[in-house]
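Taking it in order: structure first as structure tokens, then the write-up.
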Amino acid sequence: MGHTHGHEHGHHHHHHHGDEGTGTALPAAFDTTVPDEALTPEQRSRRSLLRRAGLLGAGLAAGSVLAQGAATPAYASTGGRRKNGFLWLSGDHHIHTQYSSDGKYRVRDQVRQGAAHGLDWMVITDHGSDTHARIGVDKVNPDIREARDAYEDTLVFQGLEWNIPAAEHGTVFVHPGRNEVAVLKQFETDYDGSVKGAGDSTPANEALAIAGLGFLAEQVRRRRVKDVLMLANHPARKGLDSPHEIRAWRDATPASHRIAVGFEGAPGHQAGGIGKTYGMGSARGLYDNSPSANSFAGYPLESYRTWGGFDWMTATVGGLWDSLLAEGKPWWITANSDSHQVYTDTAVRGGPDSDFNLNGRHTDPVYGGKIDTTQGDYWPGQYSRTHVGSDGFSYAAVMDGIRAGRIWVDHGQLISGLDARVSGGGRWATLGGALHVRKGTRVTLTVDLGLAGGPNWAGFVPKLARVDVIQGDVTGAVLDRDTFTAPTARVAKSYEVNKSSGTVRLTYDLGAVDRPVYVRLRGTDGNRSAVGLRGASVDPAGPAVDVVGDADPWKDLWFYSNPVWVLPS
């Protein structure tokens, strides 16, 4: 069935034109030809982070994730890409500011914090609403442009958090350019579920969401913007994103320029789970909900909780995410802060004259005189990171890397680098890609991991205890678009990691591959685990369900990678 299951990977090699005026030069912190004393304080702190993680040196400057040992002869043919792989840029596509009714920080506060916490790219995503569509989407743009100038080693995208008609929230963001505001404003005015009163789970509202994605694709076709992406946020939080809606968003636009490309594998608000004495005493991700009239009835009650900080759709081996991957179509995961109000911060919204509805923003924050432990958020990059394999340092390269699925995510800086490749028949493919081989070719997965190179933002050095290889068959398009299981997906092999620094290489032999399969990776600090929802034969030691009111996120760290396919014919 190698040629019949409709695997769509042609678009992964599609590249957009370079960014006008931005080039693809390395950020100064990465560029070892720039001496330390020539760097700004932010660039210096970024460089010391990279050094500490062992990610600075000739290897990284040339684009390789791990300075040593990542290249073997099988990897030499890179299809015109950088010889040594990609530049892995860390980012966050879900960040709020004073232009959200429930936010408070200036754009530059969030960008400064993200840069200090090691991020290379960020998306400002204030909530879609009448006020935002009317005022905020225009007003935030000069602040974003100012932040781009002030933090030239940080890519700052303008986006918004779309109230998806009939569903949950999603990030929509555009490549910077002269029409970035006009396109987002028209999209929000015409297709936002809150603006249009289209929140209920009805066929008409579901159709409006698809029309909105079509509108965005049309803006790219008409060259009003260079690129647009959509990623669904906290998809299982309220049970609103049904399997058929997720599939419909994915398939709404042609594979050559897919707009909806994935969802948050792990939500933000991770500090929400810290117990009442020191924190909110709520749930990680604020996943403390129950089904409502608009929820998809097929989802079990377990889906309304996080598992090791990850969304049930991603955390369940053989669950919804695997059911999408088993179709042989791309659908990627990310991890973000959803930063609104930061745990233990001392800032409060400015003065009593803050009139959000009138001004489209809250007044600038001021010092509040006390440490606030009643909030559930971290700064961008402080806890959650989304790492994107990019062809260079540019807006287009980050967007291309996201669309291609060259993404791995981690919590709490559990690892510092990841390079995964399947090779066979003299070829190789990496995360998000597909290795096309003759039937019966012997295929090997090689994983190079950079272990934590120093303390994380909670002040300790995390230790990776175990890495799991998860494998599933590609069984083709589903007949029932509300399918959310993949019967063949399972943990194929687990590796104990008995090393606390440096790099680790793992190899997994897929054998002589005679049918289309995919593999993906997951790793843990080993602090909390449980038999997965589909049983011990599928997942003997997966993430445990998070306890509402008692789930310290720093005591339960995981990383996940996106899949790579092997397609014999």
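Observations on the model:
- Taking amide H positions as modeled 1.01 Å from N, with prolines and chain starts lacking one, the residues under 5 Å from L567 and 5 or more places away or on another chain are L435, H436, V437.
- Per-peptide average of other Cβ atoms within 10 Å, ordering 527-535, 106-114, 88-96, 483-491 highest first: 88-96, 106-114, 483-491, 527-535
- Net charge dipole size for the chain [Lys, Arg +1 and Asp, Glu -1 on Cβ; Debye, nearest 20]: 1600
- Close Lys pairs in region 416-568 (alpha-carbon distance under 23 Å; sequence gap of 8 or more, or different chains): 5.
- Across the options G85, S194, G281, the greatest Cα extent toward the positive end of the charge dipole of the chain (unit charges at beta carbon of Lys, Arg, Asp, Glu) belongs to G85.
- Along each principal axis, Cα extent of the chain, largest first, Å: 70, 60, 53
- Antiparallel bridges, percent of DSSP beta bridges restricted to the chain (to nearest 5): 75
- The value given for region 416-568 is a Kirkwood hydrodynamic radius of 16.9 Å, derived from the mean inverse Cα-Cα separation.
- Under 5 Å between amide hydrogens, built in the peptide plane, is the criterion, and for Q375 it picks out T344 among residues at least 5 positions away or on other chains.
- The protection proxy used here, the mean number of other Cβ atoms lying within 10 Å of each residue, ranks peptides 125-131, 167-173, 262-268 as follows, highest first: 262-268, 167-173, 125-131.
- Label-to-label distance, nm, for residues given as D36 and R178 (7 Å Cα→Cβ offset): 4.5
- Take 203-215, 445-457, 27-39 and order them by the average number of nearby Cβ atoms within 10 Å per residue, most first; the result is 445-457, 203-215, 27-39.
- Relative contact order computed over the chain (Cα-Cα under 8 Å; 6+ residues apart), in percent: 17
- Working note: Karplus 6.51/-1.76/1.60 with θ = phi - 60° gives region 334-345 the couplings 9, 9, 9, 7, 6, 5, 10, 9, 8, 3, 6, 6 Hz, where Gly and Pro are set to x.
- The amide H of D120, built 1.01 Å from its N in the peptide plane, has S90, G91 as neighbours under 5 Å, considering only residues 5 or more places off or on other chains.
- Kirkwood radius and radius of gyration were both taken over the C-alpha atoms of region 194-262, and their ratio Rg/Rh is 0.97.
- Under the Karplus curve 6.51 cos²θ - 1.76 cosθ + 1.60, θ = phi - 60°, whole-Hz ³J(HN,Hα) for region 365-371, x wherever Gly or Pro sits: x, 10, 6, x, x, 8, 7
- Region 232-330 pair-distance distribution - Cα-Cα, 10 Å bins, rounded %: 16, 44, 29, 9, 2, 0
Rule-based calculations on the coordinates, nothing more; no lab input. Predicted, not measured: the structure shown is a model, and the values here were computed from it. Heads up, the Cβs are rebuilt from the backbone with ideal geometry, glycines too, and the neighbour counts pull from every protein chain shown.
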